[in-house]
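The values are calculated or read from the model by the stated rules, or taken from the named source; none is laboratory data. Values in this document were obtained by computation on a predicted structure and should not be read as measured data. In this analysis, Cβ positions are derived from the backbone assuming ideal geometry, glycine residues included, and neighbour counts consider all displayed protein chains. Heavy atoms of the whole protein, side chains included, go into the accessibility calculation; ligands, DNA and RNA do not. Shrake-Rupley method; radii C 1.70, N 1.55, O 1.52, S 1.80 Å.
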Amino acid sequence: MAIKIYIDQGHNPVNPNAGAEGNGLREQNIVYVIGQELATLLRANGNFEVRLSRPTPETQLGTSNATSLAARVNDANSWGADYFISLHNNASELSAATGSEAFAYSQNSRGFALGEDILAGLAAETGLPNRGMFTRPSLYVLRRTNMPAVLVELGFITNARDARLMNEQPQLFARGVYDGIVEYLGL
């Protein structure tokens, strides 16, 4: 039976719930592309069924931040996803801040272990620093999902190198997340 992976491309094309901006780029556009690339890799594997929160670049979820987050979680829960992966870009007032990090609901969760493998995959594919796994039980997409969930901050949109890499080589980030999923599942 296929493993159902829900890929949440964080944020909406426009407000409410638009993402971070930096270096002339918009988070929601970058994660849209990386999510599509990740879905292609997972579907080609044959072991996965995939659903995207934003199947098209224009897909707008909800009419507020709260309803946008709820729409993603409710879609994953009602579909019966086995894993929920939310893709994001980090932002910092420090333009030197770089690398990937991820969040799970709790440290002794399958989401946390999956996140560790995803971060290792990202570091291997992109060369960006692995900033580590953290718990963040307050995040709606981690708290309200019925399946193991991880929120991945792929890189810093406010760092020129990270932003350029995410924008110009999204396949590296998709491959890193993919490699982490496959490693975690032992496929």
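Values computed for the structure shown
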| read-out | value |
| --- | --- |
| Antiparallel DSSP beta bridges within the chain, as percent of all bridges there, nearest 5 | 20 percent |
| Segment 116-187, accessible surface, carbon-and-sulfur percent (1.4 angstrom probe) | 42 percent |
| Residues with amide H under 5 Å from that of residue 48, placed H, sequence gap 5 or more | 3 |
| Inter-label distance, nm, simple model (7 Å from Cα along the C-beta direction), residue 59/residue 95 | 3.4 nm |
| Segment 143-182 - Rg (one decimal) and Dmax (whole number), Cα, Å | 12.6, 36 |
| For residue 157, net neighbour charge (Lys/Arg +1, Asp/Glu -1) across residues whose Cβ lies under 9 Å away | -2 |
| Gaussian network model of the chain, springs between alpha carbon atoms under 10 Å - residue of 41, 142, 94 with greatest fluctuation | 94 |
| Rounded to 5, percent antiparallel among DSSP beta bridges of segment 94-155 | 40 percent |
| Top of 21, 58, 101 by mean-square fluctuation, Gaussian network on the chain, Cα under 10 Å | 58 |
| Total formal charge among the other residues, if their Cβ is under 12 angstrom from that of residue 71, Lys/Arg +1 and Asp/Glu -1 | +1 |
| Accessible carbon and sulfur surface of segment 1-85 relative to its total accessible area, %, 1.4 Å | 52 percent |
| Cα-based radius of gyration of segment 82-187 once divided by 2.2 N^0.38 Å, which approximates compact folds | 1.01 |
| Per residue accessible area in Å² of the chain, where ligands, DNA and RNA are left out and the probe is 1.4 Å | 43 Å² |
| Identified option (computed Cα Rg over 2.2 N^0.38 Å; candidates (i) 1.16; (ii) 1.22; (iii) 0.92) | (iii) |
| Choice from 127, 99, 115 showing the highest fluctuation, given a GNM over the chain with Cα pairs closer than 10 Å | 127 |
